[in-house]
Amino acid sequence: MRFLITAGGTREYIDPVRFISNASSGRMGYALAAAALKAGHEVTLISAPTALKPPAGATFVTVESAAEMFKAVKEHFARCDCLIMAAAVADFTPARPSKTKIKKDGGLKLTLQLKPTPDILRWAGRQRRVCTAHRSKIVVGFALEDRNLRANAERKMRDKRLDMIVANTPAALNATTSVLHIKPIDSDWIEISELHKTASSRRIIREIERLFRQR
Ligand code: C5P
């Protein structure tokens with residue numbers, strides 16, 4: 001299979017030297033890329049900045065912002081059999097980033113106006129409905145939920161027309177292990193107890209292979 005995987009937390013620039021981001025380490029996406037490669041698949045990894053080394057054998061694309069990640073996903077989506085959006089994409093970005101470094105002149109309060117970013121995963125889910133060429137693709141999302149984990153994640157899966165959702169709690173952010181809840185569209189929830197992201201990634205890839213075989 002040809003996998004397109006996103007990873008890391010995007011950076012949304014306020015001015016040329018400052019940005020808004022999140023605590024994502026990128027480990028989940030990188031572990032998924034490594035697991036897919038190990039299983040013999042082709043992998044393109046689109047990564048927001050992380051401290052990690054890209055797995056050998058992956059086509060590696062670096063981006064910073066949600067807008068750049070969206071552009072890169074659009075460029076590579078047609079060639080993939082499966083998109084996994086493991087990246088922590090910022091939901092909001094500065095509405096009018098300053099071209100020059102913002103000064104703290106006068107110590108006045110600074111109010112930042114934010115606007116929503118494009119929902120890349122929703123776009124991908126929709127593509128499969130509007131274009132027959134994309135219909136056989138598998139689209140997988142992640143959901144980070146601190147309340148009603150399974151119910152919220154399942155709603156997200158249906159709302160964004162995904163084949164599978166992987167849900168976890170904020171404890172998974174920037175951690176090497178995590179408890180994951182996987183919901184494939186055609187079967188019940190699978191709970192993966194506290195496991196290293198390398199091991200849970202293998203399980204996720206296996207589940208995707210199963211879904212793809214049924215296409
Ligand atoms: O709706 P929510 O942001 O919780 O959904 C999380 C999922 O959506 C993740 O898979 C994330 O990569 C993806 N996402 C996206 N584009 C955004 C925000 C989130 O693709 N702008």
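The values are calculated or read from the model by the stated rules, or taken from the named source; none is laboratory data. What you see is a predicted model; the values in this text were computed from it and never measured. Using ideal geometry, Cβ is built from the backbone for each residue, glycine included, and neighbour counts are taken over all protein chains shown. Accessible surface areas use protein heavy atoms only, side chains included; no ligands, DNA or RNA. Shrake-Rupley method; radii C 1.70, N 1.55, O 1.52, S 1.80 Å.
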Looking across the stretch 125-137 at residues that are loosely packed, with under 15 Cβ neighbours inside 10 Å and among the polar types (S, T, N, Q), the single one that is modelled with the lowest pLDDT is 132
So is residue 170 loosely packed, with under 13 Cβ neighbours inside 10 Å and within 11 Å of the ligand (Cβ to nearest atom) or not? no
How many residues, within the stretch 40-59, are buried (at least 16 other Cβ atoms within 10 Å of the Cβ), among the small types (Gly, Ala, Ser) and closer than 16 Å to residue 2 by Cβ? 1
Taking the stretch 1-32 and keeping only residues that are of a type in the set (Gly, Ala, Ser) and either open to solvent by 50 Å² or more (accessible area, probe 1.4 Å) or closer than 18 Å to residue 121 by Cα (or both), one is left with 7, 8, 9, 21, 23, 24, 26, 29
Residue set 111, 117; condition of a type in the set (S, T, N, Q) and surrounded by fewer than 17 Cβ atoms within 10 Å (Cβ to Cβ); output residue 111
State all residues of the stretch 109-164 that are among the acidic types (Asp, Glu) and within 17 Å of residue 66 (Cβ to Cβ); if no residue qualifies, say none. 119
Scan the stretch 138-149 and give yes if some residue there is surrounded by 15 or more Cβ atoms within 10 Å (Cβ to Cβ), touching a residue at least 12 places away in the same chain (Cβ under 8 Å) and assigned to a helix (DSSP H, G or I), otherwise no. yes
Of all residues being under 18 Å from residue 68 (Cβ atoms) and touching a residue at least 60 places away in the same chain (Cβ under 8 Å) in the stretch 93-108, which is surrounded by the most Cβ atoms within 10 Å (Cβ to Cβ)? Just the residue, please. 93
Could we say that residue 120 is in contact with a Phe, Trp or Tyr (Cβ under 6 Å, 6 or more places away or on another chain) and away from the ligand (no atom under 12 Å from the Cβ) here? no
Scan of the stretch 67-81 for residues that are surrounded by 22 or more Cβ atoms within 10 Å (Cβ to Cβ) and either more than 13 Å from the ligand (Cβ to nearest atom) or over 21 Å from residue 36 (Cβ atoms) (or both), ordered by number: 80
Within the stretch 157-178, work out how many residues are more than 14 Å from the chain's Cα centre (by Cα) and either at pLDDT 95 or above or in a strand (DSSP E or B) (or both). 6
